[in-house]
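Structure, as structure tokens:
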Number of protein chains: 2
Amino acid sequence: MLPSWNDGAAKAAIVEFVEKTVSGGVPVEERIAAFDADGTLWCEKPAPVEADFLLRRLAEQATADPTLRERQPWKAAYEKDGGWLGQVISEHYDGDDAKAKTLLGGVAQAYAGISVEDFQARSDAFLRGTQHPTLGRGYLATAYVPMLELLRYLEANGFTNHMVSGSGADFMRPITREVFGIPPERVTGSAMALSYSSDDHGGTITRAAQLGFLDDGPQKPIQLWSRVGRRPLVAGGNSNGDVPMLEFAQHPDKPSLRLLVLHDDAQREFAYTAGAEEALKKAGTSGWTVVSMKNDFRSVFGAA
Amino acid sequence: MLPSWNDGAAKAAIVEFVEKTVSGGVPVEERIAAFDADGTLWCEKPAPVEADFLLRRLAEQATADPTLRERQPWKAAYEKDGGWLGQVISEHYDGDDAKAKTLLGGVAQAYAGISVEDFQARSDAFLRGTQHPTLGRGYLATAYVPMLELLRYLEANGFTNHMVSGSGADFMRPITREVFGIPPERVTGSAMALSYSSDDHGGTITRAAQLGFLDDGPQKPIQLWSRVGRRPLVAGGNSNGDVPMLEFAQHPDKPSLRLLVLHDDAQREFAYTAGAEEALKKAGTSGWTVVSMKNDFRSVFGAA
């Protein structure tokens, strides 16, 4: 059981929780587990997978239309200017979202006007065909093996796993079943505003140039509730944006498990706590289980 | 198979579609069926079940606060003025939504400020404890037996059934598994705007006094896509608001089934086509299967 986990507090907490849930007879339909994706189930550095996908598209647009090359975020995407993109993140952590707004505004236009089915085909092709920039493996092989084992272990004990991602649901869905064993209908994520138009081949749903909602922070428990109509027993995340979802996995009369993945393994993955400060503090005071990638993961990735 | 259906074109179309899907080897994960609830899976006359629930609450509020008795929709709810409520519907069908706006504005305040879990408990109690006003049976026993058989028949052939209701998802969910065999996580419906607040008992999701979205018309395929990430093979409805969802169940290379329930049985249920005119016209020109309650249903309801 959980062969890629080292023996330690995290593994013990997981096993204890599962055994308590099963022996306590918590009904199977209440055994809901919710996991963030980027940085929790797979690698999110140097940038989330969807960011790479979207920036390549912006660069493509700037290649086709030179006037875009003078405007952010197309300029940074076209010039591969990691500096500007890094500033977006660091200023965001400092509470200044001016550049983040510019970035999101551009990103909203990356695939505006295309049908959800065409978008699905493009993300599918990207996800299957693209290498991680530094890890020497395809993006699909950047899933954390111990977390995949955890998903299977929960399933074997009657749990239903859901993904609640800040990345787009339509972006993730083409590969979630294959990579994480989570079927598309159990994937919640950010979404563009969508519109429907009638036609003679079954109607078309089109992505607008406008965000529907960002599935982060308080939206995570709200979206999970909206889909499932239940409070989860298990929630796993790795950043401040996961705090509300982890809080939400608390019950007056049932065991619960809150996991926070700590990126402290510069050698095998990446070491960072930026964007996770509040979550780590909260973990300390709330009895959440911190999973150290360095100490708790016997291995991190599977075959490349 | 389908014992409560009379032999006829509708039953034949259903069986032919299912056999073609199975023998054609359409993958199980693509066998998605989506059904409207009110008027399609259970009775919606003289008013949708949720309307009864909400109007009682408005009357309760007017009982507690006399100033509300002079304002619509509390006035009509308090005086049980079916006339005003009837006008809302008939003016809506004529394209005038002034009164509908007043009604929705009031309805949005019916359960504003309570947690989703408290709301769930109240709708659960109402649904299990309330009689249909004229049919001599509880609301839960107003489900159409032939449609329940259809859901089970589809399931037995590898389909996954979803409910896509104009009524609130949080209203329907407490009873959908028991009555329709559709678990809460496969129920899509209208939703109030929700907010999340952190607290020391797992956080609280609260209903705002504002509609999130009305799951009707073009929202039905959009919401279904947002949840499932797939185009359905089967769609069933009974009114104009279901037209986009029925359109959306069309594939260039796979069989599909579009069912439109026709309320033509004044003796056993209700006879009406108001609000279904466009859907009936579209059914005629698009090869959709019209299900006559009078002719195709051997029985309508089960044990009271």
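What follows draws every value from the coordinates through simple rules; no lab data is involved. This is a predicted model, so every value here is computed, not measured. Methodologically, a virtual Cβ is constructed for each residue, glycine included, from the backbone with ideal geometry; neighbour enumeration extends over all protein chains shown.
A few remarks follow.
- Between A:Trp84, A:Trp42, A:Trp74, the Gaussian network model of chain A with springs among Cα atoms under 10 angstrom shows the greatest mean-square fluctuation at A:Trp84.
- Annotation: amide H-H contacts under 5 Å for B:Ile114 (H modelled 1.01 Å from N, sequence separation of 5 or more, or interchain): B:Arg207.
- Comparing Cα centroids, the range A:249-292 and the range B:230-304 end up 50 angstrom apart.
- Between the amide H of A:Ser292 and those of A:Leu262, distances stay under 5 Å, these residues lying 5 or more places away or on another chain, with hydrogens modeled in the peptide plane.
- Of A:Glu269, A:Glu185, A:Glu29, the one that fluctuates the most in a GNM where chain A has Cα springs shorter than 10 Å: A:Glu29
- Point-charge dipole on Cβ atoms (K/R +1, D/E -1) for chain A, about Cα centre, debye to 20: 300
- Chain B: angle of helix B:145-156 to the longest principal axis, Cα-based, in degrees nearest 10: 60
- Antiparallel bridges, percent of DSSP beta bridges restricted to the protein assembly as shown (to nearest 5): 40
- Computed from backbone phi, the HN-Hα couplings of the range A:57-66 come to 5, 4, 4, 4, 5, 6, 5, 6, 10, x Hz, rounded to whole numbers (Karplus: 6.51 cos²θ - 1.76 cosθ + 1.60, θ = phi - 60°; Gly and Pro given as x).
- Computed per residue of chain A from DSSP H runs no shorter than four, each worth -39500 (n - 2.57), the mean residue ellipticity at 222 nm is -13000 deg cm²/dmol.
- Among B:Ile32, B:Ile14, B:Ile114: highest mean-square fluctuation, GNM of chain B, C-alpha pairs under 10 Å: B:Ile114
- Acute angle (nearest 10 degrees) that the helix A:219-228 long axis makes with the longest principal axis of chain A, alpha-carbon atoms: 70
- Considering only the range A:97-222, percent of DSSP beta bridges that pair antiparallel, nearest 5: 75
- For the range B:69-84, Karplus couplings with θ = phi - 60° (6.51, -1.76, 1.60), whole Hz, Gly/Pro x: 5, 9, 10, 7, x, 4, 4, 5, 5, 5, 8, 6, 8, x, x, 4
- Take each peptide in B:208-214, B:35-41, count the other Cβ atoms within 10 Å of every residue, and average; sorted highest first, the result is B:35-41, B:208-214.
- Pairwise Cα separations in the range A:25-73 fall into 5 Å bins from 0 onward with the following percentages, short to long: 5, 16, 15, 12, 11, 10, 9, 7, 5, 4, 4, 2, 0.
- Counting Cβ atoms of other protein chains within 10 Å of each residue's Cβ and taking the mean over peptide B:214-223 gives 3.
- For the range B:1-150, the relative contact order comes to 27 percent (Cα pairs under 8 Å, sequence separation of at least 6).
- Listed by chain and number, the lysines whose alpha-carbon sits under 25 Å from that of A:Lys294, ignoring those within fewer than 8 places in the same chain, are A:Lys11, A:Lys45, A:Lys281, A:Lys282.
- Remark: spin-label model distance B:Ala112-B:Glu277 equals 3.5 nm, labels positioned 7 Å along the Cα→Cβ axis.
- Inter-chain Cβ neighbour count for A:225-235, averaged per residue, equals 5 (cutoff 10 Å, partner chain atoms only).
- Calculated from backbone phi, Karplus (6.51, -1.76, 1.60) coupling profile of the range B:198-215 in Hz, x at Gly/Pro: 6, 7, 8, 10, x, x, 10, 9, 10, 6, 8, 8, 8, 5, x, 7, 9, 7
- Close amide H partners of A:Phe35, meaning residues 5 or more places away or on another chain with modelled amide H under 5 Å apart, are A:His162, A:Met163, A:Val164, A:Gly236.
- Across the range B:172-290, Cα pairs under 8 Å and at least six residues apart give a relative contact order of 16 percent.
- For the range B:1-64 versus the range A:70-132, the gap between their alpha-carbon centres in whole angstrom: 42
- Chain B: relative contact order in percent, alpha carbon pairs under 8 Å with at least 6 residues between: 24
- Here the residues A:Ser115, A:Ser197, A:Ser256, ranked from fewest to most Cβ neighbours within 10 Å of their Cβ, fall in the order A:Ser197, A:Ser115, A:Ser256.
- For chain A, the longest principal axis of the alpha carbon atoms and the long axis of helix A:116-129 meet at an angle near 70°.
- Share antiparallel - DSSP beta bridges, chain B, percent rounded to 5: 40
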